[in-house]
Amino acid sequence: MTSIEVASRTGSRDEAVCLDASREKDTGKAVFPRIPGTSPSADRFHPINLSPEAILYSHTTIHPNPKTGLKPFVLVYADFPEDVRVFGRLELADGEKPEIGSRLCVRSKGEGADPNADYFFTVAKGGKS
Amino acid sequence: MTSQVYIAGAAMTPFGRHNELSMQGLAQAAVLNALKDASVRREEVQAIYAANVYGGMVLGQVLMRDTGITGPALYNVENACASGATAVHLACQALRLGLYETVVVFGVEQLTQLGGGTIPLQRNDYKTELYASHGMTLPTVYAMRGTRYLHERGETAELLARVAVKNRAHGARNPLAQQRTEVTLEEVLNSRPVAEPLTLLQCCPSAVDGAAAVVLTTRRPTQHSAAVRILASAVQSGYQELGCDDILDAEITARTARLAYEQSGVDPKDVNLVELHDAFTIAELLYYEALQLAKPGEGGELLRSGATALGGRVPVNPSGGLLAKGHPLGATGVAQMVEIVWQLQNRADGRQIENAKIGLTQCTGGGIAGVDHAASAVHILGV
């Protein structure tokens, strides 16, 4: 579906990460990002950590207004085995395309980054789940 | 419910870029024309409901100051894109409780002042802030639904484009619509990609100004060919999204519509026309099913059959909808009702639906991170 070349991944120092989330006690379902510990509602949830891999549920390629000079980029909803959906960027290697059902890895920009804020997704080796 | 609520008067400004009119000018034009349409004097107005999103503090009072309609209770209402419909809902409640006999509801927005582009998301939410930093916008939310819809239903982007072709053809017949040019499937599909699979002509224009107003009363109006009643008024908020929900299930809209159908006793198959929230083409397809105009999975077929075009069984967005008429947020919900009133009273020049008796409006507000939508409003009007 991606009609023109999108911004591709260049860095190699990205780190695999496990995101922090919360699980609602009543339903067992999870939410991301984690409910802040200072929240008066925090006692409705358990803190959990998400798996390092997820499945691509849906995607879009955003085409910034040409006046901005910005390259298109890909956004995804990624479904985790802990029953939670996370929104974020998908960084693609040359030749890769977003595809529903693909296995994704969660990564962070590396040293100094806050993984729960600066995470992104890449396509896992082997691709399709 | 102790009283019938009628829409005695309805008016709106043209939607578009209004460099020559301030927000005060827009709101006052709509309100004064609605009062004239209702044959209601200013001193008969017992309360005012003012809907807006980006205008600021005590906006309604500021906008009404010079009209001479000052003194009665004035309620400023904000519920994102559903602000106008929410204001009508609150006014209905007060009228039915007997608190007032006659009130004015108006909605107004001047989005051109924001400079165009995607509109800002809400503030004061850690989740929205995080997702916005990753690229979450309203087109993003709908584009995700579009991609998933095409995947699950085995459809192509042509189906989405058909919604734009239909509604823009309707808008070409509405002198108050912002965009009045008919477009072809090819033009829609070849317009600039915004958020795939959505192209520019599948997104409602974001640089638009406008206002709309209605006069609601418990006195049966006599000045028009038919007295339009509000048969149902329902507003709901979105559930927190937990787990991995189906994004094609417009749950909040389906829930609100069920309430409205129950309240009115109207069967979905008896609805003659609909004004719904087609901010993006995919939304209209999802709402066909949520509003029970089509069975689950049959929204695409309903569109292809021509049933939702002017001349069809249940025309949807005869005004041109948000896609062509424009979407000045605070005004939209009220403007949808203006269109239904005009249709039910045989006053919709150039796009009149014959013998329409029941019309439905639907608005959703706020693609807030973490809930389906912030708000949904469904109203059913009848003569």
Cross-chain or 6+ apart pairs with Cβ under 8 Å, the stretch B:75-97 first and closer than 19 Å to B:VAL62 by Cα, then among the β-branched types (Val, Ile, Thr) and open to solvent by 30 Å² or more (accessible area, probe 1.4 Å): B:ASN76/B:VAL58; B:GLU78/B:VAL53; B:SER83/B:VAL53
Test: residue in the stretch B:139-155 that is buried (at least 22 other Cβ atoms within 10 Å of the Cβ) and away from every other protein chain (no Cβ under 14 Å): no
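Only one of B:VAL194, B:VAL163 is in contact (Cβ under 8 Å) with a residue 24 or more places away in the chain, surrounded by 21 or more Cβ atoms within 10 Å (Cβ to Cβ) and assigned to a helix (DSSP H, G or I); which? Can you show your working first?
Working: B:VAL194 fails: assigned to a helix (DSSP H, G or I).
Just one listed residue meets the conditions, B:VAL163.
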Any hit, the stretch A:8-18, residues being closer than 17 Å to B:HIS134 by Cα, in contact with a strand residue (DSSP E or B) (Cβ under 7 Å, 6 or more places away or on another chain) and modelled with pLDDT of 95 or more: no
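Considering only residues that are free of Cβ contacts under 8 Å to residues at least 40 places away in the same chain and at the interface with chain B (Cβ under 7 Å from one of its Cβ atoms), look in the stretch A:66-86 and name the one that is nearest to B:ARG148 (Cα to Cα).
A:TYR77
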Residue within the stretch A:87-106 that is more than 10 Å from chain B (Cβ to nearest Cβ), open to solvent by 20 Å² or more (accessible area, probe 1.4 Å) and outside any loop (DSSP other than H, G, I, E, B) present: yes
Residue in the stretch B:76-87 that is at pLDDT 95 or above, on the phi > 0 side of the Ramachandran plot, open to solvent by 10 Å² or more (accessible area, probe 1.4 Å) and assigned to a loop (DSSP other than H, G, I, E, B) present: no
Boolean, B:ARG304 is surrounded by fewer than 16 Cβ atoms within 10 Å (Cβ to Cβ), under 23 Å from B:VAL188 (Cα atoms) and of a type in the set (Lys, Arg): yes
Every residue from the stretch B:209-231 that is of a type in the set (D, E, K, R) and open to solvent by less than 10 Å² (accessible area, probe 1.4 Å): B:ASP209
Qualifying residue in the stretch B:103-117 (condition: in contact (Cβ under 8 Å) with a residue 40 or more places away in the chain, farther than 25 Å from B:ASP37 by Cβ and among the aliphatic types (A, V, I, L, M)): yes
Subset of the stretch B:334-363 [acidic (Asp, Glu) and under 23 Å from B:SER83 (Cα atoms)]: B:GLU339
Answer residue from the stretch A:109-129, given it is open to solvent by less than 10 Å² (accessible area, probe 1.4 Å) and within 13 Å of chain B (Cβ to nearest Cβ) and is farthest from the chain's Cα centre (by Cα) among those: A:TYR119
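Looking for something at pLDDT 95 or above and at the interface with another protein chain (Cβ under 10 Å from one of its Cβ atoms) - is there at least one such residue anywhere in the stretch B:119-137? Show your work before the answer.
Taking the stretch B:119-137 and keeping what is at pLDDT 95 or above, we get none.
No, the stretch B:119-137 has no match at all.
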Tally of residues being open to solvent by 30 Å² or more (accessible area, probe 1.4 Å), in contact (Cβ under 8 Å) with a residue 60 or more places away in the chain and not in a loop (DSSP other than H, G, I, E, B) across the stretch B:232-263: 7
Of residues in the stretch A:30-58 being of a type in the set (D, E, K, R) and over 19 Å from A:ASP114 (Cα atoms), the one farthest from the other protein chains (Cβ to nearest Cβ): A:ASP43
Checklist (1) closer than 13 Å to B:GLN110 by Cβ; (2) assigned to a helix (DSSP H, G or I) applied to B:ASN19, failing item: (2)
Residue among B:THR218, B:THR184 that alone is in contact with a Ser or Thr (Cβ under 6 Å, 6 or more places away or on another chain) and either within 14 Å of chain A (Cβ to nearest Cβ) or more than 25 Å from B:GLY297 (Cα to Cα) (or both): B:THR218
Residues located in the stretch B:132-164, provided they are under 19 Å from B:LYS325 (Cβ atoms) and either polar (S, T, N, Q) or within 19 Å of the chain's Cα centre (by Cα) (or both): B:LEU138, B:PRO139, B:TYR142, B:VAL163, B:ALA164
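Yes or no: B:GLY330 over 14 Å from the mean Cα position of the chain (by Cα) and either in contact (Cβ under 8 Å) with a residue 40 or more places away in the chain or closer than 22 Å to B:TYR149 by Cβ (or both)? Let's see the steps before the verdict.
Numbers: over 14 Å from the mean Cα position of the chain (by Cα): no; either in contact (Cβ under 8 Å) with a residue 40 or more places away in the chain or closer than 22 Å to B:TYR149 by Cβ (or both): yes.
The answer is no for B:GLY330.
The values are calculated or read from the model by the stated rules, or taken from the named source; none is laboratory data. None of the values given here were measured: they were computed from a predicted structure. Don't worry about glycine lacking a Cβ; one is built from the backbone with ideal geometry, like all the others, and counts go over all protein chains shown. Note: accessible area is taken over every heavy atom of the protein model, side chains too, but ligands, DNA and RNA are not part of it. Shrake-Rupley method; radii C 1.70, N 1.55, O 1.52, S 1.80 Å.
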